[in-house]
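Single-structure report; data block below.
Values in this text are rule-based calculations from the coordinates and carry no lab data. All values derive from a computational prediction rather than experimental measurement. All Cβ positions, even for glycine, are placed from backbone atoms using ideal geometry, and neighbour counts span all protein chains on display.
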């Protein structure tokens, strides 16, 4: 599974993903959507304000870590992982191995 993670420290993305999961379970996400509307700029601003966003976009469209501002990149988790949080956790545990997996997958055969 491809996941978008902070290239400086994937633990930043993992922390945000775990926080997002708790916010879904306790209803905080649903309350924000009800208040601001689904997919609205106001909702995106609320996600950033409450540290629920994993990334922000720069004017040129690049994605940056919401925690530290470093560039984000998509990398591959280990085979067989289908849950996003588990995939982010897998990548954060061994980022070098995830980068290598991604490089091999991107190489032409």
Ranked highest first by average number of other Cβ atoms within 10 Å, how do 6-19, 90-103 line up? 6-19, 90-103
Helix axis angle, 84-93 relative to the chain longest principal axis, alpha carbon, degrees: 50 degrees
Mean ellipticity per residue at 222 nm, deg cm²/dmol - from DSSP H runs of n ≥ 4 across the chain, formula -39500 (n - 2.57): -15500 deg cm²/dmol
For the chain, longest principal axis from Cα atoms; helix 10-25 axis from its Cα atoms; angle between them, nearest 10 degrees, is 40 degrees
When only Cα pairs under 8 Å and 6 or more residues apart are kept, what is the percent relative contact order across the stretch 2-106? 36 percent
